[in-house]
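This report refers to the structure that appears directly beneath it.
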Amino acid sequence: MNQQGFIIEIVDDNTAKMKMQRHSACAHCGKCITSSETKDIVVEVDNSIGAKVGDRVEVNMDGVRVMKATAIAYVIPLVALLAGTIVAYFVLQAIGLTSGIEIISGVVGLVSTAVAFLMIRKNDKKFRDSGEYIPKITRILVM
């Protein structure tokens, strides 16, 4: 997935913040700083080629990595919701509870989803440090 944008801030020797237009595949995963009024997003990028503030650059993130990031952000919490709800329903049914089983199962599913989000959030630094899910600047474009 190739995108273009402008460097707006240098974070450290290997990381910069880039402003670009949100891609339709990007959606709203929460990793970017954005507001609903604009299609511009600010995203951290690997700046190992040494782009400077104001440079127009092209970034790339492998499609497989985009799909893995999407799975982490969306599929894992969804599986936690479904698994928590279904397991709680059958466990409560097996122990003979008949009143409010659906509500309790739903609450357990929501709690499972919250736990999944917290685990993802807790591991965010590990994901970031791996560099696998951060777009990389491939070239500086001449204006």
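Readers should treat all values here as calculations from the given coordinates under stated rules, not as data from a laboratory. Keep in mind it's a predicted model, so treat the numbers as computed, not measured.
Please work out how much length the chain gains when fully extended from residue 125 to residue 76, using 0.36 nm per residue of separation minus the C-alpha to C-alpha distance, in nm with one decimal.
Working: separation 49, 0.36 × 49 = 17.64 nm, distance 1.76 nm.
Taking 0.36 nm per residue and subtracting the Cα distance, the gain is 15.9 nm.
With a length cut of 20 Å (Cα positions projected on each helix's long axis) and a Kyte-Doolittle mean of at least 0.0, go through the chain and give me the DSSP H helices that pass. It would help to have the intermediate numbers written out before the result.
Numbers: long enough: 76-94 (26 Å, 2.07); 101-122 (31 Å, 1.62).
Helices passing the filter in the chain: 76-94, 101-122.
Could you list log10 I(q)/I(0) for the chain at q = 0.13, 0.21 Å⁻¹, which the Debye formula gives when each Cα is one point scatterer?
-0.66, -1.23
For the stretch 62-143, what ratio Rg/Rh do Cα atoms give with a Kirkwood hydrodynamic radius? Write down the numbers at each step before the final one.
Values: Rg = 19.0 Å, Rh = 15.1 Å.
Across the stretch 62-143, the Cα-based Rg/Rh ratio is 1.26.
Given the pairs 39/136; 19/136; 39/126; 52/136, which span a C-alpha to C-alpha distance of over 23 angstrom in this model?
Values: 39/136 21 Å; 19/136 14 Å; 39/126 28 Å; 52/136 14 Å.
From the list (39/136; 19/136; 39/126; 52/136), the Cα-Cα distance tops 23 Å for 39/126.
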